[in-house]
Structure formats: structure tokens, C-alpha cells
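The values are calculated or read from the model by the stated rules, or taken from the named source; none is laboratory data. Since the model is a prediction, treat every value here as computed from it, not as a measurement. Note: ideal-geometry Cβ built from the backbone for every residue, glycine included; neighbour counts use all protein chains shown.
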């Protein structure tokens, strides 16, 4: 189900979206067409309005698109993003959504529609290879951190913290109380396990705050705050289960074949693949792990090399592989 393309392949950015405009060359590389400023008196004709998800630029693109009767595409980082964090490295993948955006469970998205469509046999076979490549390459959204070299508890579950007031929480039907319920559930569900509470990379980098701090260890002697600046692959691979509100690590854990418990409504929840604290939107039905992997990593995103050349998931996963870092 390819994205609809405007007749002129022109993409318009509001004059107020200076940050988006500064990424003009990067956006043109991903979208394959010129990005222009959208001046009201000289509004570009047959142009697609673009903006960033549910942030100001995305909401502004929706308002302009509605008034002008033009298509709107919402952009976000892809799930296989880059080697380093977003403030250091540009994305190597970008999701483009003409319906909604994947982390907003209150509205449909292109990813939901992709997941609702059955895979052809060749796509199912490809999805098996996608999952194998993800595990073998030990990739994640960000890939710059070293693997954890220390000892881990023999039996543990991973509870994933997130950055305070992240859009994926707000639009994924979560809030602060979701994190409280999540931790209590992990403690109750796994009475013989250590509960590792993993801090978010942006929190460890000092850029943002999270929902848990060092005091979380006072809740139970089995709770341990894990604030090591490490790559998550080993933690996921050795955990017995993953608890999350809306973090992408829940999606990654599914690719690793792990039980995943959600306390918001992220894009991978509500399809019968996770244990969910909330009821899913009625739009969501049943989906396979293969459909999730193929939709989220092949059909939904676009990929580019660091030099701005279109590329594929396969080349990107190799570039970011833990065995052959970029």
C-alpha cells in the first residue's frame, strides 16, 4: 500500500517551522522531491504539507492542509534510527504517515492500516528474515552505547522508564499513574525475580527527566534501578519479560520473542501480541509478529544513507549492526 504522491512531488513547510526548514536537504533526500516554504499569499499548489508528528509543525500542517484542501504527511524518526542520539546524528530512517501517526492511539494511522492487511507469502518469508536480522545484528533505535559487560541477575524482568511527558505517552493513553501500575504489576507478577528499572538514554545523557529515580529501589528489595549507559540488546535478550508503557523497547522485545506487558497503548499493543493493561481501540484486531515486523520496518519507513542516498532496511541494519558498527 504505497504512499500517495502529489502530482508535482513538492512538499511544503510552513514559514513558522524554522526547525523543519533547517532539515530541508535531509527531508528532500528521504521524500524524493523539493521542500518549499509555504507562504500564505503564494501557497504552493499540488503540494503535500509536511510536519513532525503531533508536534507544532505537524498540527500546523494539518490546519493548512485542511484549509487548502491538500494532503498532509506527518513525519517521525524511524524505529531503526541512527548510531547516536537524535541531537547528535540525523536519522537513517523516517516514517511518513498520510493518515495519522503511529504513536497516537486515538486516531487511525497508516501503520495500523498496514497491520490490518494480510501479508503475501513472500512478505511473511521476508518478515522471518527481518526478525532474524534484528536479533543477529543486535540493533536498537539508537546503537552507539556499548553492550553491558557486567553480571545480570539470574532471573529478572525489565521495567522500562521513559522521558517525562513524552508525546508517545500522552498520545498512547498513558500518564504518570501508568508507570506506578506497571511497576506494581511487575513486582506482583514475578515474585521470584529481580525487577530491573531501565532508565531512558536521554535521561542518562542529562537531557531529560524520567518517571523513576533512585528512590524506586526503596519500593522493594527486589527492585533495582539500572542506569548504566549501555545498549539494550543484552538486557532484552536475557530478560524473562518486558514491562513498558509505550516505549519502543516493547516492540524490540517482541522481535526478540519476549513476553511484553503494556500499560499504555503503543502501536504494537492491542493486536494479540502483548499483555495489555488497557482495552485497545476497536480498529485493532489480530496481527502476527511477522506482520508487525514487515509493516513497521519495511512498508512504513523510508531509509537513507548518511550521504543522503535512498537505501533499504537491509543495508541500514547492516550499517548499525553491533558486529560491524558504522
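Quick notes on this structure:
- From the list 173, 186, the one residue that fits, being in contact (Cβ under 8 Å) with a residue 60 or more places away in the chain, in contact with a strand residue (DSSP E or B) (Cβ under 8 Å, 6 or more places away or on another chain) and either assigned to a helix (DSSP H, G or I) or over 17 Å from residue 249 (Cβ atoms) (or both), is 186.
- Scanning the range 65-81 for residues that are part of a helix (DSSP H, G or I) and crowded, with 19+ Cβ neighbours inside 10 Å returns a single hit, 65.
- Hits in the range 213-223 - residues which are surrounded by 17 or more Cβ atoms within 10 Å (Cβ to Cβ) and either at pLDDT below 95 or more than 21 Å from residue 151 (Cα to Cα) (or both): 216
- Annotation for the range 94-102: at least one member residue is in contact with a helix residue (DSSP H, G or I) (Cβ under 8 Å, 6 or more places away or on another chain) and free of Cβ contacts under 8 Å to residues at least 24 places away in the same chain.
- Residue check for residue 111: in a helix (DSSP H, G or I) and touching a strand residue (DSSP E or B) at 6+ places or on another chain (Cβ under 8 Å): yes
- Taking the criterion of being free of Cβ contacts under 8 Å to residues at least 40 places away in the same chain, crowded, with 18+ Cβ neighbours inside 10 Å and closer than 22 Å to residue 306 by Cβ, the only residue of the range 24-49 that qualifies is 35.
- Within the range 83-100, the set of residues being farther than 24 Å from residue 171 by Cα and buried (at least 20 other Cβ atoms within 10 Å of the Cβ) comprises 92 only.
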